[in-house]
Each structure stands twice: as structure tokens, then as C-alpha cells.
Amino acid sequence: MCGIIGYIGKPPVIETILDGLARLEYRGYDSSGLAVLNGQGLYVCKRVGKLQGLREALKGHAFDGHIAVGHNRWATHGSPSEINAHPHTDCSGSLAIVHNGIVENYAELKARLQAQGHQFRSETDTEVIAHLVEEQAKRAPLAEAFRSALKELRGSYAVVLLSTSEPQHLYGARSSSPLIVGLGKGEAFFASDVPAILARTRRVIYLNDHEMVELSSAGAKITTL
């Protein structure tokens, strides 16, 4: 199993993400990473091994951002490495994806995206989602680009998307892999399981299969894929 945490709210968001990842360690993992959106754009940090390695890598960094995503990975497609760890980004580095599950048709999707000019960095199935969203976003708003990308996937997924184009929103969806929403006062969360957010809120929404969420600090808009 892997672990997802997403947060919109108040600084310091890094500590919120790291705390959520620590509370998901029981699910097992071989690497971890996070992406935070701040005044300088999208900052991504990933490390192999224990979560403490990620903590150490982030020491001394000051972030003024209010929105971030994090992930503990248990390798399926691709070996444990920093390149294969989540989050995964698109060609421009303007959006980040964290994902639990298996994209069964990733090879054919990857081949098509490469033919369209997309450059892949990792061995993972997850990275195709970032490039699918990037491709769809050339002709649609982010929410619809995300929805269209998800409809191309075969397999199981819980996915959370962070993008520089919409700094007030996170997007998430699930199909045969758990994802919950937590709502607090002026803050909101995505997580794989309740323990990740229980210290911050008891207002939890358990998403159903094929539901998509537009999340902001003011609440959640849930639609069907």
C-alpha cells in the first residue's frame, strides 16, 4: 500500500504534510516525497528510505505556501528511487500528481504521449497521469482536463493533483483505491486513510468509486466522473 496526503490551509504546510505521512507509515513504503506551491512556483522534494530522510532534506527551507501534496510509495512499476518516488510532474513542472493504485494501460498511454512529444523521467505508471492532464489542459480548463485524463485510465487509482494554474485548489478522484476528504476551519485535506488527518479534523467524507473532488479551503465540490 501507499499513502496520500493533500492539504490546503495555513502555513507551515510542510509540517502538516510530513505529519500526515508519518501517520500513514503503517501502510508500508520505500520512499516518500512532497510538492508545495509557493511564491517561487512548484517545489518538489523526494527521498528513498525512511521519512526522516525527507525531513532532513527539507531542513533550512522556508516555505510560505498554503497548499501541498505528499506521498509514501511502495514500489510496483519501477524500482525504489528518487526519480520513481512521487509526486510526479508534467513536462513543464507546473503540475504534480500523487497516486495509489495501478494503471493497467500505462504502456500504451505512455507510447502515445511520447509520440506527442512528452518527455518521461521515471519508470512508473503514475507519470502518465501527469502528462495526460498536461495534454488535455491544452484545450480545456484544469478540472475538465483532469476528468478527461482519468477517463482514459484502466485499473485502480486514488489520485490528487496540484497545479500552479489553480493555486487555490486541489483535485482528487478515486476508483477502487481509498481516498477521503477532511474539512476543517479554513483548511481541507485529502488522505488515503483517516489516521492521517484525525488530529486536525473529525469532519470526514469517504469518497465513492468514480467520484471527483474540487477541494478548496472553503470546502469540497464532489461530482461523478
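The values are calculated or read from the model by the stated rules, or taken from the named source; none is laboratory data. Since we're looking at a predicted model, the values are computed, not measured. Glycine gets a Cβ as well: all are built from the backbone with ideal geometry, and neighbour counts include every protein chain shown.
At-a-glance table
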quantity: Of all residues making up segment 174-218, the number that are closer than 27 Å to Lys151 by Cα, among the polar types (S, T, N, Q) and surrounded by 14 or more Cβ atoms within 10 Å (Cβ to Cβ); calculated: 5
quantity: All helices (runs of 4 or more DSSP H) inside segment 61-167 with 1 or more residues being farther than 26 Å from Asp209 by Cβ and over 13 Å from the mean Cα position of the chain (by Cα); calculated: 106-115
quantity: Matching residues in segment 149-167 - criterion: being surrounded by 16 or more Cβ atoms within 10 Å (Cβ to Cβ), in contact with a Ser or Thr (Cβ under 7 Å, 6 or more places away or on another chain) and over 14 Å from Asn100 (Cβ atoms); calculated: Ser163
quantity: Breaking point among (1) under 24 Å from Ala188 (Cβ atoms); (2) free of Cβ contacts under 8 Å to residues at least 40 places away in the same chain; (3) of a type outside the set (Ser, Thr, Tyr), for Asn100; calculated: (2)
quantity: Residue match in segment 188-202 (condition: free of Cβ contacts under 8 Å to residues at least 40 places away in the same chain, under 17 Å from the mean Cα position of the chain (by Cα), more than 22 Å from His88 (Cβ to Cβ) and assigned to a helix (DSSP H, G or I)); calculated: yes
quantity: Scope segment 1-46; condition among the hydroxyl-bearing types (Ser, Thr, Tyr) and closer than 13 Å to Val160 by Cβ; matching residues; calculated: Tyr7
quantity: Residue that is modelled with the lowest pLDDT [pool: residues in segment 11-50 that are out of contact with any Gly (no Cβ under 7 Å at 6 or more places or on another chain) and among the basic types (Lys, Arg)]; calculated: Lys50
quantity: Residue within segment 17-30 that is in contact with a Cys (Cβ under 9 Å, 6 or more places away or on another chain) and in contact (Cβ under 8 Å) with a residue 60 or more places away in the chain present; calculated: yes
quantity: Contacts under 8 angstrom Cβ, first residue in segment 203-222 being within 14 Å of Lys185 (Cβ to Cβ), partner part of a loop (DSSP other than H, G, I, E, B) and of a type outside the set (S, T, N, Q), 6 or more apart; calculated: Ser216/His169; Ser217/Gly9; Ser217/His66; Ser217/Gly186
quantity: Residue match in segment 126-147 (condition: surrounded by fewer than 22 Cβ atoms within 10 Å (Cβ to Cβ) and hydroxyl-bearing (Ser, Thr, Tyr)); calculated: no
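Residues checked against (1) under 13 Å from Leu37 (Cα atoms); (2) loosely packed, with under 15 Cβ neighbours inside 10 Å; (3) basic (Lys, Arg):
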site: Arg55; (1), (2), (3): no, no, yes
site: Lys59; (1), (2), (3): no, yes, yes
site: Trp74; (1), (2), (3): no, yes, no
site: Pro87; (1), (2), (3): yes, no, no
site: Ser92; (1), (2), (3): no, yes, no
